[in-house]
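Take a look at the structure below.
What follows is calculated from the coordinates using simple rules that are stated; it is not laboratory data. What you see is a predicted model; the values in this text were computed from it and never measured. FYI the Cβ positions are ideal-geometry reconstructions off the backbone, even for glycines, and counts take in every protein chain you see.
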Amino acid sequence: MADITNTEAVKFCNEKIRVAANKLAQAYYFANQVADEWTANNMASVLPNQADDVIDGSATDGRHPITGIDANNIINRLNELIADYDADSSAKLNTILGVAPQPGSSS
């Protein structure tokens, strides 16, 4: 098989494809970290799945307010990402890790 030496292709892969793989790996690892901390600290008991109360100081600094439902829904999305990457003997995760040059870095 011939090497691809087209400079545009090489640049795109180095600057976009590998960076995308790093970011996807980082998202997976961060999702695991947050989900584990949520469970270990029993956060569902202090952040109930309710829309009644704003749970952060967003009103004072301009951020969009979040509720218990918002927090629980983000945990659900993190768990979905983890399950998706882990499915089929981690096929998707392995694809990403095979391309990511530094999956633990912030690049």
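Things to note:
- Anchor LYS92: aspartates and glutamates whose Cα lies under 20 Å away (excluding residues fewer than 8 positions away in-chain): GLU80, ASP84
- Entry for P(r) over Cα pairs in 10 Å bins from 0, in percent (calculated from the structure that is shown) out of (1) 13, 30, 27, 19, 7, 3, 0; (2) 12, 34, 26, 17, 8, 2, 0; (3) 15, 38, 32, 13, 2, 0: (1)
- 222 nm mean residue ellipticity, helices alone, for the chain (DSSP H n ≥ 4; -39,500 (n - 2.57); rounded to 500): -20000 deg cm²/dmol
- Dipole size of the chain about its Cα centre, with +1 on Lys/Arg Cβ and -1 on Asp/Glu Cβ: approximately 420 debye, rounded to the nearest 20.
- For segment 45-107, the Cα-based Rg and Dmax, in that order, read 16.9, 46 Å.
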